[in-house]
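J.: Here it is, the structure, as structure tokens.
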Amino acid sequence: MVAMFYIFWRRGLGEWEWRDFCTTSCKLGFLHVSPIHMFFPLLLDFIFAVDIISAIEFDGTGDHLATGDRGGRVVLFERTDTRDHGGNRKDLEMMDYSISRHPEFRYKTEFQSHEPEFDYLKSLEIEEKINKIRWCQSANSALYLLSTNDKTIKLWKVQEKKVKKVCDLNVYPDKASGNGPMVGSSTSAVPKPYIANGGYRERPFGSSGNDFLFPPGGVSSLHLPVVTNQETSLVAGCRRIYAHAHDYHINSISNNSDGETFISADDLRINLWNLEISNQSFNIVDVKPVNMEDLTEVITSAEFHPTHCNMLAYSSSKGSIRLIDMRQSALCDTHSKLFEEQEAPGSRSFFTEIIASISDIKFAKDGKHILSRDYMTLKVYLWDITMDSGPVATFPVHEYLRPKLCDLYENDSIFDKFECCLSGDGLRVATGSYSNLFRVFGCSEGSTEATTLEASKNPMRKQVQTPSRPTRPLASLSGVVRRGMFAHN
């Protein structure tokens, strides 16, 4: 299941506020979550920058959803509509009838994943914004996930813990409550009558005070207290912290199919980690030149193959995708296969390499297709020895912006990054655009499906045909590299 998630929230909202604040709807198999502004009309006028969602990810079953925001928080949701039918999603898919209800997700828990930091050696401020979230394989009922900001990756474990309480104490019900002070007793202002060696004289039984005294002769019904489980609560704990391995901003993390390792990628390097070892990583890809003035391209995205643990792919700012095999060498300087689209004769312009920069790649579940997203189009590559000359399908997304490339270059919008995804059945692909729009295309053989959906508080509002993009300052190394390259040409 793939989701396009659109929601607002404020700090301090509890579980019940979340339930009333969110509704779900399902379109073309993609989940769309939007706020009910009629219940909280004032909250929508106070949207903080730290509450803007920056990362989102489903787990492998589709029953849990994780979102990360600019404030460094991770919020988890769980699917609830399958519980009403008494089974998990896999069992329901085997039934003869289809469920007409839309998928519904309920707020589960949230935790603070990252905090703002400052690198004193480099005089660099590290913001808490969550860049990527990836779910890990789980062998028990606990949930495991990786989250990262620009520099640090953390492994989190979320599990239910039972709250224990001590019952059947040796006190009278009308004299004490739990383990606290006795109900109805008063604290006397008169000091205790101390005697030699630090002791004090005992008060007679029944006198006022917080100290419980046994009556003369003892208690006939003395028994041991009992510990009982009263309720359960969700607890998130950080199991590992993977830090100090990247000099540049982390743009990708990806779990391996072996369930033991994962990769993290920045603009110039890709590191291989073991989930159980946080103080050591192996550099498997390094594109940093000896002289930084010779830098011509940077790594923009990286992902493991879904089934082959030795294969991974990464994209570059020159519009190419490299497939590498870690069995060939420890440092994967050479690639096993290169995917790039050949330029049409006479079509090259000043903006050709800028708009060809790939911002995101995704493997299909079967591992035979690679989905890529550049500024103008969404491309599907077939991982086949005979089909590496070009994409098998290309879907235009921003073709209407081609006459405005000069303006987009001036306000740096041409360096904006967009992600892409595939549906669970592999029949559709989706990607984002401007003005809260996202495009959905059918990628099955013979399909002509092309749908534009809008995430809006007012679904009846007339859709904008040619969305615009406001001016935004440049903030990525990839954009700086691209600008520097063209400035020398």
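J.: For the range 413-461, name all the residues that are assigned to a loop (DSSP other than H, G, I, E, B), hydroxyl-bearing (Ser, Thr, Tyr) and touching a Lys or Arg at 6+ places or on another chain (Cβ under 9 Å).
T.: If the condition is that a residue be assigned to a loop (DSSP other than H, G, I, E, B), hydroxyl-bearing (Ser, Thr, Tyr) and touching a Lys or Arg at 6+ places or on another chain (Cβ under 9 Å), then Ser433, Tyr434, Ser435, Ser444, Ser447 are the ones that fit.
J.: I'm told Lys365 meets every condition in (1) more than 23 Å from Ser252 (Cα to Cα); (2) of a type outside the set (Asp, Glu); (3) surrounded by fewer than 16 Cβ atoms within 10 Å (Cβ to Cβ) except one. Can you identify the failing condition by its number?
T.: (1)
J.: Just to verify a result, which residue in the range 313-354, among those that are acidic (Asp, Glu) and under 20 Å from Pro391 (Cβ atoms), is surrounded by the fewest Cβ atoms within 10 Å (Cβ to Cβ)?
T.: The qualifying residue surrounded by the fewest Cβ atoms within 10 Å (Cβ to Cβ) is Glu343.
J.: For the range 349-390, how many residues are in contact with a Cys (Cβ under 9 Å, 6 or more places away or on another chain) and either hydroxyl-bearing (Ser, Thr, Tyr) or on the phi > 0 side of the Ramachandran plot (or both)?
T.: Of the residues in that region, 2 qualify.
J.: Do we find that Ile250 is aliphatic (A, V, I, L, M), in contact (Cβ under 8 Å) with a residue 12 or more places away in the chain, on the phi < 0 side of the Ramachandran plot and not in a strand (DSSP E or B) in this structure?
T.: So Ile250 passes the test.
J.: Is it the case, given these coordinates, that Glu340 is over 17 Å from Ala265 (Cβ atoms), acidic (Asp, Glu) and within 30 Å of the chain's Cα centre (by Cα)?
T.: Numbers: over 17 Å from Ala265 (Cβ atoms): yes; acidic (Asp, Glu): yes; within 30 Å of the chain's Cα centre (by Cα): yes.
Yes.
J.: For the range 129-171, which residues satisfy the criterion of being farther than 18 Å from Thr109 by Cα, modelled with pLDDT under 90, of a type outside the set (A, V, I, L, M, F, W, C) and not in a loop (DSSP other than H, G, I, E, B)?
T.: Lys164, Lys165 - these are the residues of the range 129-171 that are farther than 18 Å from Thr109 by Cα, modelled with pLDDT under 90, of a type outside the set (A, V, I, L, M, F, W, C) and not in a loop (DSSP other than H, G, I, E, B).
J.: Pull up the range 212-256, narrow it to residues that are modelled with pLDDT of 95 or more and hydroxyl-bearing (Ser, Thr, Tyr), then point me to the one that is farthest from the chain's Cα centre (by Cα).
T.: If we take residues in the range 212-256 being modelled with pLDDT of 95 or more and hydroxyl-bearing (Ser, Thr, Tyr), then Tyr242 is farthest from the chain's Cα centre (by Cα).
J.: What is the one condition in (1) outside any strand (DSSP E or B); (2) at pLDDT 95 or above that Ser301 does not satisfy?
T.: Looking at each condition in turn, Ser301 falls short on (1).
J.: Let me ask you something else. When the residues of the range 296-305 are filtered to those that are buried (at least 16 other Cβ atoms within 10 Å of the Cβ) and of a type outside the set (Asp, Glu), which remaining residue is farthest from Lys417 (Cα to Cα)?
T.: Taking the candidates together, the pick is His305.
J.: Please find, among Arg73, Arg79, the residue that is charged (D, E, K, R), at pLDDT 90 or above and out of contact with any Pro (no Cβ under 8 Å at 6 or more places or on another chain).
T.: Arg73
J.: What number goes with the only condition from (1) farther than 30 Å from Asp267 by Cβ; (2) among the aliphatic types (A, V, I, L, M); (3) touching a strand residue (DSSP E or B) at 6+ places or on another chain (Cβ under 8 Å) that Ile133 does not pass?
T.: (1)
J.: Oh, and also: Can you name every one of the strands (runs of 3 or more DSSP E) wholly within the range 358-405 that holds 3 or more residues which are in contact with a Leu (Cβ under 6 Å, 6 or more places away or on another chain)?
T.: none
J.: Which residues, taken from the range 55-78, are small (Gly, Ala, Ser) and either farther than 18 Å from Ile253 by Cα or within 8 Å of the chain's Cα centre (by Cα) (or both)?
T.: Once the filter is applied, which keeps residues that are small (Gly, Ala, Ser) and either farther than 18 Å from Ile253 by Cα or within 8 Å of the chain's Cα centre (by Cα) (or both), the range 55-78 yields Ala55, Gly62, Ala66, Gly68, Gly71.
J.: Considering only the range 309-352, state which residues are within 26 Å of Glu410 (Cα to Cα), assigned to a loop (DSSP other than H, G, I, E, B) and either modelled with pLDDT of 90 or more or touching a Leu at 6+ places or on another chain (Cβ under 9 Å) (or both).
T.: If the condition is that a residue be within 26 Å of Glu410 (Cα to Cα), assigned to a loop (DSSP other than H, G, I, E, B) and either modelled with pLDDT of 90 or more or touching a Leu at 6+ places or on another chain (Cβ under 9 Å) (or both), then Ser317, Lys318, Gly319, Ser320, Ser349, Phe350, Phe351 are the ones that fit.
Yes/no matrix, rows are residues, columns are (1) hydroxyl-bearing (Ser, Thr, Tyr); (2) surrounded by fewer than 16 Cβ atoms within 10 Å (Cβ to Cβ); (3) touching a strand residue (DSSP E or B) at 6+ places or on another chain (Cβ under 7 Å); (4) without any contact (Cβ under 8 Å) to a residue 40 or more places away in the chain:
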site	(1), (2), (3), (4)
Tyr409	yes, no, no, no
Leu422	no, no, yes, no
Ser433	yes, no, yes, yes
Leu437	no, no, yes, yes
Phe441	no, no, yes, no
Glu445	no, yes, no, yes
Thr452	yes, yes, yes, yes
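J.: Out of all the residues in the range 312-326, which are touching a Lys or Arg at 6+ places or on another chain (Cβ under 9 Å) and of a type in the set (A, V, I, L, M, F, W, C)?
T.: Ala313, Ile321, Leu323, Ile324, listed by residue number.
The values are calculated or read from the model by the stated rules, or taken from the named source; none is laboratory data. Note that the structure is a prediction, hence the values are computed from the model and not measured. Using ideal geometry, Cβ is built from the backbone for each residue, glycine included, and neighbour counts are taken over all protein chains shown.
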